[in-house]
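Please treat every number below as a calculation from the coordinates, not as lab data. If you're wondering where the values come from, they're calculated on a predicted model, not measured in any experiment. Cβ: placed from backbone, ideal geometry, glycine included. Neighbour counts: every protein chain shown.
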Amino acid sequence: MPAQPVVGVLALQGDVREHLVSLAACDVLARPVRRPEELAECDGLVLPGGESTTMSRLLETFELLEPLRKRLADGMPAYGSCAGMILLAGQVLDGRADQQQLGAIDMVVRRNAFGRQVDSFESELDVTGIPGGPVHAVFIRAPWVESVADGVEVLARVPDIPASGDAAGRIVAVRQGSVLATSFHPELTGDERVHRLFVETVRAA
Ligand code: GLN
């Protein structure tokens, strides 16, 4: 691998630009990915926040679904935030019947879990593998992880305090092998530590 790995951001829909900015701060070549040829050039891929049902449909339209499944099966590192987490999951609850799953993390996620009236939620999270104190996590119509299989590491849970409401104790960051997922959006808070954690995985792969 060259000194600077190529890390793509799936650029079909969602907050692509914010992830490109966060990655650029981590000393990698960050590129948008819309075509199979662009995916083939990547050493790792970020799946952004946005709308998982729309991204699922566009993955099929852009003929990226099967190439992406194959790269993931071959061990390409990936990181999904929010809608990206939903896409990476093996199973989604409250999804659309025709929504496609990449199945890269053996977990069940619940879409729009943080409630329909309250669209966003913020919390301070201790995240395993991230030094330097808690991460300020912003959740926007976010999923949480209902359950994980053996082999999936839980990296963060919402603090189990009354202020967390129904989300108290819920799993919101996980890793399986070289695939990472968070319910929240580190690309929106100017804190690159989650992207750095992912880039370490890409460099190690
Ligand atoms: N609710 C969206 C979905 O189902 C995710 C929201 C987000 O990515 N901010 O895909």
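Looking at G75, G80, can you tell me which residue is surrounded by 21 or more Cβ atoms within 10 Å (Cβ to Cβ), closer than 26 Å to E192 by Cα and among the small types (G, A, S)?
After applying the criteria, what remains is G80.
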Would you call G84 under 24 Å from G151 (Cα atoms) and away from the ligand (no atom under 14 Å from the Cβ)?
no
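Please go through region 87-101 and give me each residue that is of a type outside the set (D, E, K, R), within 13 Å of the ligand (Cβ to nearest atom) and part of a loop (DSSP other than H, G, I, E, B), ordered by number. First the steps, then the outcome.
First, the residues of region 87-101 that are of a type outside the set (D, E, K, R): 87-93, 95, 97, 99-101.
Among the residues that remain, those that are also within 13 Å of the ligand (Cβ to nearest atom) are: 87-89, 92-93, 95, 99-101.
If the condition is that a residue be of a type outside the set (D, E, K, R), within 13 Å of the ligand (Cβ to nearest atom) and part of a loop (DSSP other than H, G, I, E, B), then G95, Q99, Q100, Q101 are the ones that fit.
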Counting only residues that are within 12 Å of the ligand (Cβ to nearest atom) and aliphatic (A, V, I, L, M), which one in region 35-57 is surrounded by the most Cβ atoms within 10 Å (Cβ to Cβ)?
L47
Mind listing just one residue for me: the one in region 4-40 that is outside any helix (DSSP H, G or I), in contact with a Ser or Thr (Cβ under 9 Å, 6 or more places away or on another chain) and touching a residue at least 40 places away in the same chain (Cβ under 8 Å) and, of those, nearest to T61 (Cα to Cα)?
L12
Quick check: anything in region 143-154 touching a Ser or Thr at 6+ places or on another chain (Cβ under 8 Å), part of a loop (DSSP other than H, G, I, E, B) and buried (at least 17 other Cβ atoms within 10 Å of the Cβ)?
yes
The one condition in (1) closer than 14 Å to I105 by Cβ; (2) within 15 Å of the ligand (Cβ to nearest atom); (3) in contact with a Leu (Cβ under 6 Å, 6 or more places away or on another chain) that P143 fails to fulfil:
(3)
